[in-house]
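Have a look at the structure below before the remarks.
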Amino acid sequence: MVVLPPLQYSIVKALIEANQPIDADSLAGKLGKRAEDIMRDLEELRSRGLVNLEHRPVNKVSLTSLGEAYLKNGLPEERLLSHLRSIGGRAKVGELARLTGLSDEEFAAALGRLRRLNAISLTGDSVTLTGVEEGLRAYVNELKGLLAGIRGEVEYPGELPSIVEEARRRGLVKVRQVRRVLASPTQGLMELYRSGELSSARVITSLTSADLASGAWRGGVFKEFDLTVEVPLRPIRRRHPFTQFLDHVRDELVAMGFEEVKDNHVDAALWNFDVLLVPQYHPARRETDVFYVENRLKPSEAPGDVMGRASGEHRAVWGYGWSGEEALRILLRTHTTLVTIRQIYLRGRGEYRLFSLDRVYRPDTPDPTHFMEFHQLEGIIVGRGVTFRNLLGFFTELAKRLGLGRVYFKPAYFPFTEPSVEGYVKHPRLGQLEVFPGGMFRPEVLRVVGLDRDYKVAAWGVGIDRLAMVVLGVDDIRTLYTNNVREVESMRGVAWVV
């Protein structure tokens, strides 16, 4: 006879009656409980071989304010095409941009999308309808059909459909991943139930004086204790392997002649974006890609010389009306480049090597290689004779010191460096990981922070969490931040961890 506490008996009875896997939320609802109220009992039933538990990831998709606006007013490419038709199917780019009323970013993206779908052709600064709209019509119908079908949150088990990924890239939907717990009865439980060897009673695990006085113990079953079982031994305490890895990287950089610097986690967009020549219409500055804070700096609280030079360079390089108010927006930093670029402004001329290893924040959807809060290793090499070869040599030497193997380089583009490069190392299961982006700061960037033109700066930003995944043998970036003892113990040991 197997005796279960009343709640556990209710759980197994509901599972048997369902005769199919049922998620913990639905199961709890049937019992008039919350899911968190029954999770401990489910785990205990699983450990006794009575219940199977399956943890299944589920993506919950909901509309953003931008998605709601596009669903109501039409996609930018629809509006652009409609205006182009209204003026005869041919127009100058500038004329069409003014007519549509779209932002610079929306217009450029819509123009590029229509061109890729062969709905328009571009010749010089003229836009012409091609009359080929099958691809565009299919794309718009699929995307708007998705947006129209989302009420509240829509669940997608497993991989997201490509159209949902497209909507997420465009900032029209937001995705959050949850883990759904599915429970089902084991064969052993079914046999116990059919044979009548399953019953319910209060299981007493501790006996109090109140139980003895009231006689409540008479209606219960005492849980057996095996005093011969050895107490499990815990391993000797040590620091988290990821923390040790970060300290090891710091030691290696100091040994290579670098000095560590730190700065604010909350700062102005001026230092996070504008001094780096990231245009104020760039997608990386959207609220779907940045954690903005409601407060704003006052103009008097920002360096006037930097504000003035930033305004001049943005207008000269990108040709738009730069906004000082936008530059004073407060945000959680998206990278640590703002730490090193401000050091150039503060230190000015000289020969120095600096690095910053600290946390940064981006509203990414968590997956095996992305997280909303992660570490970035940023650094600069400043001097008269610094070249692009110094940067490539630094990446190669750092990879060698960390035991990462060969680094594969390919050209890249960043708004604030030229030339630019991306370096990749190989993860045994995830394949090639991009971990070494960098380049030479553009002269315009150095002018904004007031550095003499005779000086050159090699700058780099290392995806240090991804490097840790390679070194520690971890497949999921979220594991680096776990406090689960078993997961921590499973991390690969390395020679420098003591």
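The values are calculated or read from the model by the stated rules, or taken from the named source; none is laboratory data. Small disclaimer: the values here were computed from a predicted structure and weren't measured. Ideal geometry is used to build each Cβ from the backbone, glycine not excepted, and the neighbour counts take in all protein chains shown. Only protein heavy atoms, including side chains, enter the accessible area calculation; ligands, DNA and RNA are left aside. Shrake-Rupley method; radii C 1.70, N 1.55, O 1.52, S 1.80 Å.
Just a few scattered comments:
- The stretch 7-42 - residue that is among the β-branched types (Val, Ile, Thr) and under 23 Å from residue 178 (Cα atoms) and, of those, most open to solvent (accessible area, probe 1.4 Å): 22
- Residue that is in a helix (DSSP H, G or I) and either of a type in the set (D, E, K, R) or loosely packed, with under 10 Cβ neighbours inside 10 Å (or both), where the choices are 224, 166, 159, 230: 166
- Among all residues of the stretch 379-392, there is none that is free of Cβ contacts under 8 Å to residues at least 40 places away in the same chain and either within 25 Å of residue 362 (Cβ to Cβ) or buried (at least 18 other Cβ atoms within 10 Å of the Cβ) (or both).
- Screening the stretch 63-149 for helices (runs of 4 or more DSSP H) wholly inside it with 2 or more residues that are over 26 Å from residue 161 (Cβ atoms) returns the ranges 76-86, 93-100, 104-116.
- Which numbered condition residue 353 misses (of (1) among the charged types (D, E, K, R); (2) exposed (fewer than 14 other Cβ atoms within 10 Å of the Cβ); (3) outside any helix (DSSP H, G or I)): (2)
- If only residues of the stretch 54-90 that are basic (Lys, Arg) and farther than 29 Å from residue 287 by Cβ are counted, the one that is least open to solvent (accessible area, probe 1.4 Å) is 56.
- Of the residues making up the stretch 138-166, just one is basic (Lys, Arg) and at pLDDT 90 or above, namely 144.
Residue-wise test of (1) under 30 Å from residue 172 (Cβ atoms); (2) in contact (Cβ under 8 Å) with a residue 60 or more places away in the chain.
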{"site": "283", "(1), (2)": "yes, yes"}
{"site": "293", "(1), (2)": "yes, no"}
{"site": "304", "(1), (2)": "no, no"}
{"site": "311", "(1), (2)": "no, no"}
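- Looking only at residues of the stretch 266-314 that are polar (S, T, N, Q) and open to solvent by 60 Å² or more (accessible area, probe 1.4 Å), we find that the one that is farthest from residue 346 (Cα to Cα) is 295.
- For the stretch 327-350, taking the residues that are over 23 Å from residue 293 (Cα atoms) and out of contact with any Pro (no Cβ under 8 Å at 6 or more places or on another chain), the one that is least open to solvent (accessible area, probe 1.4 Å) is identified as 344.
- For the stretch 188-211, the count of residues that are closer than 19 Å to residue 7 by Cβ, polar (S, T, N, Q), touching a residue at least 24 places away in the same chain (Cβ under 8 Å) and touching a Leu at 6+ places or on another chain (Cβ under 6 Å) is at least one.
- Members of the stretch 407-419 found to be open to solvent by 10 Å² or more (accessible area, probe 1.4 Å) and either hydrophobic (A, V, I, L, M, F, W, C) or within 22 Å of residue 271 (Cα to Cα) (or both), listed by number: 407, 409, 412, 413, 414, 415, 416, 418, 419
- Of the numbered criteria (1) under 22 Å from residue 461 (Cα atoms); (2) surrounded by fewer than 18 Cβ atoms within 10 Å (Cβ to Cβ), the one residue 249 fails is (2).
- Residues that are charged (D, E, K, R), surrounded by 14 or more Cβ atoms within 10 Å (Cβ to Cβ) and either farther than 18 Å from residue 75 by Cβ or touching a residue at least 24 places away in the same chain (Cβ under 8 Å) (or both) do not occur anywhere in the stretch 119-127.
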